[in-house]
Amino acid sequence: MSTSDEEVNLRQRLSGLSRLPLLRGVRVSGEADRLEKQLERLKTDTTDEEIWESVELARHPERPYTLDYVARILDDWVELHGDRGRADDGAAAVSERLDRQFGMAYPEGYVKAMRVMEIAERFGFPVLSLVDTPGAYPGVAAEQHGQGGAIARSQAAMSRLTVPTVACIIGEGGSGGAVAIAVADRVLMQENAIYSVITPEGCAAILWRDAGEAKKAAAAFKPDARHCLELGVVDAIVAEPVGGAQTDHDQSARLLKGALVESLEELEDVPGDELRRRRRAKFRGMGVFA
């Protein structure tokens, strides 16, 4: 098998990384150990240019959005509207990109998400969250409506759930706007997605007072999937077609569906109270160094 073929094969199997020793307390088979060594080799070859390529691919205008995956993964589905209080936030919907503020939710969007979580808890449904947002909406109206509080309440609501929860970063996962709907038992990340506390442009504007230094900022804080996995921010990487998810929506959906199903199968027999305990311990342990 050529080097190129080996890389393709590795991409197809990255969704199984939840079994690697990067996760505390997980036993590793010989096959998974071999895959880990291959991944380590690729990580050592990661350059600043490759990191920036992930940023560009995460933002690619033809990259699949939530609706693209929903249409390909689910046979039947119903979209719920409104927060039962103020409005129906388009950013928490599955319509056109402009209609949903480019994924930047108002507080009403997080209230809507909490409403869906409550329904799932009531009827025992698992919660799947596909995350693609550069961050919560930063406007004055959003702040007036209690943006920070809504994000905090959404995180708290998700941490209390006793049903299985799986989140996947499918494009940009930015700041509290992303974490608000990603406090899950399994947090997955597509191969060319990015996940960080701030956009590269925002970081560059703060550190160098020049958003044009975004590439330098990305190289510094490394929002790409490989480094997020290494840090323990995500639990597994979901493979994409060669060249990025935008090259083949159908294949991307098949790979994502396989990873989601595998994660749910791992969680289905775990008691609700134990799911909640593990989830809380997992997120409280992030950023803690012995």
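Tally Lys/Arg at +1 and Asp/Glu at -1 over every other residue whose Cβ is under 13 Å from the Cβ of Gly124; what's the total? Mind showing how you got there, number by number?
Numbers: positive: Arg122; negative: Glu118, Glu121, Glu268.
Counting the neighbours of Gly124, the net charge comes to -2.
Excluding ligands, DNA and RNA, what is the solvent-accessible area per residue of segment 193-238 at a probe of 1.4 Å, expressed in Å²? Walk me through the numbers on the way to the answer.
Details: 2040 Å² over 46 residues.
With the other protein chains kept in place, segment 193-238 gives 44 Å² per residue.
Using the Cβ atoms and a cut-off under 9 Å, what net charge is assigned to the surroundings of Tyr195, where Lys and Arg are +1 and Asp and Glu are -1?
Details: positive: none; negative: Glu172, Asp224.
Summing Lys/Arg as +1 and Asp/Glu as -1 gives -2.
Take Arg278, project a point 7 Å from its Cα along the Cβ direction, then tell me which residues of segment 166-206 have their backbone nitrogen under 11 Å from it.
From segment 166-206, the list is 185-186.
Taking R0 as 25 Å, what FRET efficiency do you get between Val288 and Leu207 from their Cβ-Cβ distance, rounded to the nearest 0.05?
Once the sixth-power term is evaluated, E becomes 0.50.
How would you order 222-233, 247-258 from highest to lowest mean count of nearby Cβ atoms within 10 Å? Let's see the in-between values first.
Numbers: 222-233: 20.2, 247-258: 17.4.
The most tightly packed comes first, giving 222-233, 247-258.
Quick one: if the Förster radius is 35 Å, what FRET efficiency do Arg160 and Thr47 give, using the C-beta to C-beta distance and rounding to 0.05?
Numbers: r = 42 Å, r/R0 = 1.19.
Calculated value: 0.25.
With a Förster radius of 35 Å, plug the Cβ-Cβ distance of Lys216 and Phe123 into 1/(1 + (r/R0)^6) and report the FRET value to the nearest 0.05. It would help to have the intermediate numbers written out before the result.
Values: r = 48 Å, r/R0 = 1.38.
Approximately 0.15, to the nearest 0.05.
The values are calculated or read from the model by the stated rules, or taken from the named source; none is laboratory data. All values derive from a computational prediction rather than experimental measurement. Note that each Cβ is placed from the backbone with ideal geometry, even for glycine, and that neighbours are counted across all protein chains shown. Calculation scope for accessible area: heavy atoms of the full protein, side chains included, ligands and nucleic acids excluded. Shrake-Rupley method; radii C 1.70, N 1.55, O 1.52, S 1.80 Å.
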